[in-house]
Structures are given as structure tokens and as C-alpha cells.
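All remarks here apply to the structure that follows.
What follows draws every value from the coordinates through simple rules; no lab data is involved. As the structure is a prediction and not an experimental result, all values here were calculated from the model. Quick reminder, even Gly has a Cβ in these numbers, built from the backbone with ideal geometry, and neighbours come from all protein chains shown.
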Amino acid sequence: LVSRDFHPTSSVIDAAGVLIGDGQVPVVMAGPCSIESEEQMVSAARLVKAAGARILRGGAFKPRTGPHSFQGLGIEGLKLLRLAGDEVGLPVITEVMRIEQLDAVCRYADILQIGARNMQNFDLLKEVGKLRYPVLLKRGMSATLEEFLAAAEYIVAEGNERVVLCERGIRTFERATRNTLDLSVVPLIREMSHLPIIVDPSHATGKRSLVPVMSRAALVAGAHGLMIEVHPDPEKALCDGAQSLNGPGFSTLMDELRGLLTYL
Ligand code: PEP
Ligand code: MN
């Protein structure tokens with residue numbers, strides 16, 4: 001169902017009024033890794049909106065590697081995300097990790113994110129497939145392209161065709177970057193599937209200095225959008241500060257991308 005053989009024309013996904021796919025201006029989703037407080041979330045929302053992002057991100061349920069790291073504010077975080085999105089007039093996206101969280105996440109978010117660690121949580125994929133919410137499906141850190149597309153197939157097979165794919169870097173022997181951004185999957189997915197594909201250069205590199213150049217590279221490779229972590233004060237971020245841009249950094253990046261963001 002996700003293959004171009006089955007569906008030759010490219011799908012354009014309506015994500016809460018923002019069109020993602022071929023022929024559309026590439027979308028930029030931005031915001032902090034984690035929702036930390038009302039002040040942090042509202043200031044993040046203001047600065048990403050001012051710079052031109054069209055979707056606000058923020059994690060309330062965080063899949064952290066260790067149990068002692070900040071796990072997210074949960075439902076309280078979802079409320080702050082909604083408040084910040086409404087404050088600046090942006091639709092919001094957040095990660096859902098478990099089926100039990102779906103009711104709450106659907107109440108407050110416009111777009112559901114399935115994280116890399118849950119790309120093969122097949123029960124969760126089937127469940128979001130039954131909903132009528134747009135879904136951003138991130139590639140598992142050790143998933144082949146075939147497995148990535150098979151995961152998307154689970155969602156579409158249940159009837160939800162509003163799936164956007166996201167390349168966020170894969171695990172390789174290289175440790176100089178957090179992950180290895182597999183940019184060649186962008187044109188490859190465009191050949192193989194009708195679903196839109198965006199790139200997350202923040203998790204792919206783990207280094208804020210690499211985010212601008214890899215953002216440009218992603219758009220040149222044909223990505224339909226970007227997901228970028230932005231924090232008002234990255235040094236104080238509870239999660240992923242090293243890969244987060246601050247307000248001025250994000251605004252400069254958006255200025256640099258302007259030419260590419262109108263290129264279809
Ligand atoms: C995220 O986007 O907040 C995140 C945890 O990313 P990933 O699932 O790609 O690691
Ligand atoms: Mn993060």
C-alpha cells in the first residue's frame with residue numbers, strides 16, 4: 001500500500017492544515033526535545049513561529065536511554081504544548097510511546113509522532129492506523145529501508161493513509177556523530193513510495209553545528225521537510241541540549257533555507 005507500484009502518484013498529507021509532500025513548500029517542524037515548563041515552551045513556540053516554522057514540536061513522553069534521565073512531563077506537558085501552540089497559532093506534534101497514551105495525546109496534539117524506538121511496536125502502529133490523525137513515523141535506528149516501509153505499511157493497512165516518514169539517522173560504527181544521517185534514503189524513498197519523507201538533522205548528527213548544513217543537504221536531496229530541535233536556552237535543556245539550536249541560531253538557519261523552502 002505504501003509502494004509506488006500500488007499508488008504511482010505522490011501523496012500529499014494534510015497535517016492539521018499544513019500540506020506535506022510533492023509540489024508543496026517543504027515544512028519545518030521545530031521546538032524543544034522535551035516540554036519542560038510553560039515559560040520554556042511558550043518562548044520556544046514564539047521563536048520558532050517568528051523564524052517561520054509551521055509546526056511546533058515538543059516531547060511529553062520521552063523515550064530516554066536511562067531510567068534516571070528526565071522522562072518528560074506527561075499529560076502536564078501535553079497541556080503546555082497545546083497552550084504554546086494555540087498561543088502562536090501553530091499545530092503541534094508530540095510522541096506517543098504506548099497505546100494507553102493515545103487518548104491523551106489525541107486530545108492535545110494535532111499530529112502523532114512514533115519515535116525511532118517504537119518503529120516496530122506493531123501493536124502501536126496498528127492502533128494509530130485506526131485513527132484519523134496524521135502520523136510522523138521515524139525510522140528505527142537499526143531499521144533497513146525495507147523494515148521502515150513495512151512499518152508504515154502497518155499504519156496504512158489499518159486505514160490511516162496520512163503517514164509522513166522521517167529519516168533521523170541510523171546506528172553505524174561511526175561515533176563522531178550521534179547517528180549517521182542516511183541521506184540517500186530520501187531519493188530512494190521518493191522512488192519506492194508515494195509517502196512524503198522528511199529529515200531530522202538534530203537526532204541524526206547530535207551536534208548543533210552540523211544541523212544547518214545537513215538541513216540544506218536534506219532539502220537538496222528532496223526531503224519534503226525538516227524536524228529541528230530548538231530550545232530557548234540549550235545549555236539548560238533537560239534533554240538533547242547539544243543538538244538544539246537557540247533562537248538566533250534557528251532564525252539564521254531559516255534565513256539560509258529560505259531559497260530552498262520555496263523550491264518545489
Ligand atoms: C524525538 O524526536 O524527540 C526523538 C526521541 O527522536 P527519535 O525517536 O528519532 O530518537
Ligand atoms: Mn531529542
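Computed from the mean reciprocal separation of all distinct C-alpha pairs, what Kirkwood hydrodynamic radius does region 85-140 have, in Å?
With all distinct Cα pairs of region 85-140 included, I get 11.5 Å.
Report, for the chain, the % of DSSP beta bridges that are antiparallel, rounded to 5. Walk me through the numbers before you get to the answer.
Values: 5 of 30 bridges.
Of the beta bridges lying entirely in the chain, close to 15 percent run antiparallel.
Taking the Cα-to-Cβ direction at residue 213 and at residue 46 and moving 7 Å from each Cα, how far apart do the two end points lie in nm?
Computed distance between label sites residue 213 and residue 46 equals 3.4 nm.
Which of 64, 46, 82 moves the most in a Gaussian network model of the chain with Cα springs under 10 Å?
Result for the chain, Cα springs under 10 Å: 64 fluctuates most.
Say R0 is 25 Å: what FRET efficiency, to the nearest 0.05, do residue 260 and residue 192 get from their beta-carbon distance? Please report the intermediate quantities before stating the final value.
On the way: r = 23 Å, r/R0 = 0.93.
Efficiency computed from Cβ-Cβ geometry: 0.60.
Show that you can apply the helix-only estimate: for the chain, add -39,500 (n - 2.57) for every DSSP H stretch of four or more residues, divide by all residues, and state [θ] at 222 nm to the nearest 500.
The per-residue figure over the chain is -10500 deg cm²/dmol.
Starting from the Cα-Cα distance between residue 16 and residue 235, subtract it from 0.36 nm times their residue separation and give me the gain in nm to one decimal. Please list the in-between numbers first.
On the way: separation 219, 0.36 × 219 = 78.84 nm, distance 3.18 nm.
Length difference between fully extended and current span is 75.7 nm.
Do you know the relative contact order of region 13-261, to the nearest whole percent, from alpha carbon pairs under 8 angstrom that are 6+ apart?
Details: 548 pairs, mean separation 50.5, N = 249.
Value for region 13-261: 20 percent.
Over its Cα atoms, what ratio of radius of gyration to 2.2 N^0.38 Å does region 119-256 give?
Normalised Cα radius of gyration, region 119-256: 1.08.
Working from the alpha-carbon coordinates of region 23-86, get Rg over Rh, Rh being the Kirkwood radius. Before the final figure, lay out each step's value.
Numbers: Rg = 12.7 Å, Rh = 12.2 Å.
That ratio equals 1.04.
Let's test this: bin the Cα-Cα distances of region 15-141 at 10 Å from zero up to the farthest pair and state each bin's percent.
Answer for region 15-141: a P(r) of 14, 45, 35, 7, 0 percent.
Listed highest first by mean packing, meaning other Cβ atoms within 10 Å per residue, what order do 142-153, 3-14 come in?
The most tightly packed comes first, giving 142-153, 3-14.
Extending each Cα 7 Å along its Cβ direction at residue 172 and residue 83, get the distance between those two points in nm, one decimal.
That separation, rounded to one decimal, is 4.3 nm.
Spelling out what I want: for every residue of region 115-129, take phi, set θ = phi - 60°, compute 6.51 cos²θ - 1.76 cosθ + 1.60 (Karplus), and round to whole Hz; glycine and proline get x.
Coupling constants for region 115-129: x, 3, 5, 10, 4, 10, 7, 5, 5, 5, 4, 5, 5, 5, x Hz.
Cα-based count: Lys pairs in the chain below 25 Å, eight or more positions apart or different chains?
Lysine pairs, 8 or more places apart or on different chains, close enough: 18.
To the nearest 20 Debye, how big is the dipole of the chain about its Cα centre, given +1 on the beta carbon of each Lys and Arg and -1 on that of each Asp and Glu?
Details: 28 positive and 31 negative charges, 61 e Å.
So the magnitude is around 300 debye.
Counting other C-beta atoms within 10 Å, and keeping those with at most 16, which DSSP coil trypsin sites (Lys or Arg not before Pro) do you find in region 98-136?
On the way: sites: 98, 107, 117, 126, 130, 132; in loops: 98, 130, 132.
Those satisfying the criteria are 98, 130, 132.
Starting from 0 in steps of 10 Å, tell me what percent of the Cα-Cα pairs of the chain lands in each bin.
Answer for the chain: a P(r) of 8, 34, 40, 17, 1 percent.
Quick check: pseudo-label points 7 Å beyond the Cα along Cα→Cβ at residue 6 and residue 24, how many nm apart are they?
Output for this residue pair reads 2.0 nm.
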